[in-house]
Each structure stands twice: as C-alpha cells, then as structure tokens.
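Colleague: Can you keep this structure in mind? I'll have questions shortly.
Just so it is clear, none of the values below were taken in a lab; they were calculated from the coordinates. Just so it is clear, the structure is predicted and the values come from calculations on it, not from any experiment. As a convention, Cβ positions derive from the backbone with ideal geometry for all residues, glycine included, and neighbour counts pool all protein chains shown.
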Amino acid sequence: MGKNSFFEKLKTGLAKTRDVLTMDLNDLFSKKVIDKELFDKLEELLISADMGPQFTYDLIDDVKKRVSRHDLQNAGQIKNILQERMIAILQKIEKPLIVPKGRPFIIMTIGVNGSGKTTTIGKLASSLKSSGHEVLLVAADTFRAAAIEQLEVWGSRAGAPVIKQKMNADPAAVVFDAVAKIKAGYSGVVIVDTAGRLHTRTNLMEELKKIKRIINKELPGVAQEILLVLDATTGQNAVVQAKIFKEDIGATGIALTKLDGTSKGGVVVRIANELALPVRYIGVGEGLGDLRVFDSRDFTKALLD
C-alpha cells in the first residue's frame, strides 16, 4: 500500500475521532468572540477526545496569552495553534524502530488481553520480511491454545517460522529455545509473543521480567525492543497501562492499535505529553499492510483537516 493510499486509510480510520473533534471545533471556532464560554467548551472537547488535562491546559493558556497580546483576530485561528502544538508534541515521539540487518534483533511484545498483540506481530513480521529481514516468531503465550494457533496462522501468512512448545509449557523455556537458535548463529529478527495480562496482576508481570532476564543473561548486549501494544479504544486507560509497563517492564516503544474503531484517537497526544515513549507503529485495520510507522504530520493532518 502506497503512502497516499495509507494516508487515506488513516484519515478514514480516524473518522470517529475526527467527526467528534473537528465538527465540534468548527462549530466552536465559528464564534466571533473569544470568551470564557469558548474556553470552557474547548476544554471539554479536548478532554473528551482523551488529549489529556496537561495538553488542554497548556493550549488554552497559550491562547489566552495570545489574546492578551492581541495576536489573535478570531476564534478560527485557534485551530492553527492546536495543530502546531499537536505536531510539536507528537514529533518528540516520532522515532521509528531501527532494525539492523546481519545481526540478531529481539522484539518482545507485551500488553493486556485484547490489545491486538498477536495481530500486530503478524503485521510487523510481514513488514520486516518485505524489507528483506529474516523473521522468527516465538509463541511464549502458552496459556491459550488459540494463541499458539493464531501466531502460526500469522507466521504462515508472513512467511515466518514459529518456535513453540505444548500448551501450558513454561513461557521462559520457549524463549530459551529462541535464545539457543541465536547462539547457534541465527542473525535475523526474533519476535516474542507473550501472554496478555492485566498490568495489575503481579505474578504475570513477574513472568515478563523473567523472560527479559533470560534474554539479557544469555545474550548480553543483544539489540532489542520491548514493544508495548496498546488498544486506542481504551482511551486514558491505555495511558495508565503504558505508565505501569514502562516502569515495571521497561517498555521502549508503543504500537497503538484499533485507531479505526475509536473516537479517542487523541490519546496519542496524551501518551506523548505524559510518557515520552516513542510510538513506533499505528494500526488502522486488520490487513497485513494496516500497521504503519507513526508520522506526526500525517496523523495530525488526518485528524484535523
């Protein structure tokens, strides 16, 4: 899928957020007067789109200062300020994942149940394969038979073999098999699928830490990414999840899924503002080509234009 066609898909995917945000913004900014009522409604609108209180406060504070300096002639100009501030914040987290060729690279995917983790792995594997990478998938979610089968289906579609053991096997043991493969000379990308878990379940979080320890102990210095898969439809709850996974597991990047099914697409702004975790990828559909590298300008344009 070309860049233009993906932008159109992104724009379509963000329709729910854009309809809520842009239509109401346009109504709001059609007012001639910039007054307290406008600020109150703008605050309510941005908060409801899950852009977060800090971004909202900073934006309104900026607008008030410009009004006092007589820099604004009408309310319609506020939309330009909103766009500028969004791009400035989102550019800070626009850091594509750099996957080197010719040496091992491990991507450990983490996240809660239903976030779209296995699907994201399949799409990512397909993208990496099309870029000339060798890809190996690791079925470390051993608690659900369906998880192993689902990963094998995606592996088949992407052309990536799957390392697995029987259901209920120790997830760390499956990862150890992948480590052994790397030690034997494998120099491609290894993507580890882990069981979806609530960030509040201590024992399950400890299991992720165990997997991470094994990788670091057996392959010291190996290049790796701990990719947190977040469901955009959960809005501000995704921010709570991200904070905990960043603190406890050391998440290094985010794949934000299901942007095509939510009116809460503004949560990307909140993630950028509060966490400073790179958003590596965004997902806007179920197809192999529907996971793309995050682009702040495209995202803002698709949301507000």
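Colleague: Can you name the number of the only condition in (1) among the hydrophobic types (A, V, I, L, M, F, W, C); (2) crowded, with 20+ Cβ neighbours inside 10 Å; (3) under 24 Å from ILE87 (Cβ atoms) that LEU275 fails?
Modeller: Among (1) among the hydrophobic types (A, V, I, L, M, F, W, C); (2) crowded, with 20+ Cβ neighbours inside 10 Å; (3) under 24 Å from ILE87 (Cβ atoms), the lone unmet condition for LEU275 is (2).
Colleague: Now for a separate question. Taking the range 119-142 only, how many residues are buried (at least 20 other Cβ atoms within 10 Å of the Cβ) and of a type in the set (Gly, Ala, Ser)?
Modeller: Here the count works out to 5.
Colleague: Given the criteria over 30 Å from VAL293 (Cα atoms), in contact (Cβ under 8 Å) with a residue 24 or more places away in the chain and of a type outside the set (Phe, Trp, Tyr), does SER68 qualify?
Modeller: no
Colleague: Of the numbered conditions (1) surrounded by fewer than 17 Cβ atoms within 10 Å (Cβ to Cβ); (2) under 17 Å from LEU304 (Cα atoms), ASP62 satisfies every one except a single condition; which is it?
Modeller: (2)
Colleague: Which members of the range 37-56 meet the condition of being in contact (Cβ under 8 Å) with a residue 12 or more places away in the chain and either more than 25 Å from LEU259 (Cβ to Cβ) or among the charged types (D, E, K, R) (or both)?
Modeller: Of everything in the range 37-56, those that are in contact (Cβ under 8 Å) with a residue 12 or more places away in the chain and either more than 25 Å from LEU259 (Cβ to Cβ) or among the charged types (D, E, K, R) (or both) turn out to be LEU38, PHE39, LYS41, GLU43, ASP50.
Colleague: In addition: Among ALA178, ALA195, ALA145, ALA160, which is the only one that is out of contact with any helix residue (DSSP H, G or I) (no Cβ under 6 Å at 6 or more places or on another chain), buried (at least 20 other Cβ atoms within 10 Å of the Cβ), of a type outside the set (Ser, Thr, Tyr) and touching a residue at least 12 places away in the same chain (Cβ under 8 Å)?
Modeller: Result: ALA178 is the single residue among ALA178, ALA195, ALA145, ALA160 that is out of contact with any helix residue (DSSP H, G or I) (no Cβ under 6 Å at 6 or more places or on another chain), buried (at least 20 other Cβ atoms within 10 Å of the Cβ), of a type outside the set (Ser, Thr, Tyr) and touching a residue at least 12 places away in the same chain (Cβ under 8 Å).
Colleague: Please verify whether the range 77-91 includes one or more residues that are within 19 Å of the chain's Cα centre (by Cα), under 30 Å from LEU219 (Cα atoms) and surrounded by fewer than 21 Cβ atoms within 10 Å (Cβ to Cβ).
Modeller: There is no residue in the range 77-91 that is within 19 Å of the chain's Cα centre (by Cα), under 30 Å from LEU219 (Cα atoms) and surrounded by fewer than 21 Cβ atoms within 10 Å (Cβ to Cβ).
Colleague: Let me ask something additional. Take the residues in the range 4-34 that are among the acidic types (Asp, Glu) and without any contact (Cβ under 8 Å) to a residue 24 or more places away in the chain, then tell me which one is nearest to LEU46 (Cα to Cα).
Modeller: ASP24
Colleague: Restricting to the range 104-136, what's the tally of residues that are closer than 13 Å to GLN150 by Cα and free of Cβ contacts under 8 Å to residues at least 60 places away in the same chain?
Modeller: Selection size over the range 104-136: 0.
Colleague: Test GLU247 against the criterion of being within 30 Å of LEU46 (Cβ to Cβ), acidic (Asp, Glu) and without any contact (Cβ under 8 Å) to a residue 12 or more places away in the chain, and give yes or no.
Modeller: yes
Colleague: While we're looking at this one, here's another question. Consider the range 4-45. How many of its residues are surrounded by 16 or more Cβ atoms within 10 Å (Cβ to Cβ) and in a loop (DSSP other than H, G, I, E, B)?
Modeller: Here the count works out to 2.
Colleague: Regarding the range 96-114, can at least one residue be identified that is under 21 Å from LEU277 (Cβ atoms), touching a Leu at 6+ places or on another chain (Cβ under 7 Å) and assigned to a helix (DSSP H, G or I)?
Modeller: no
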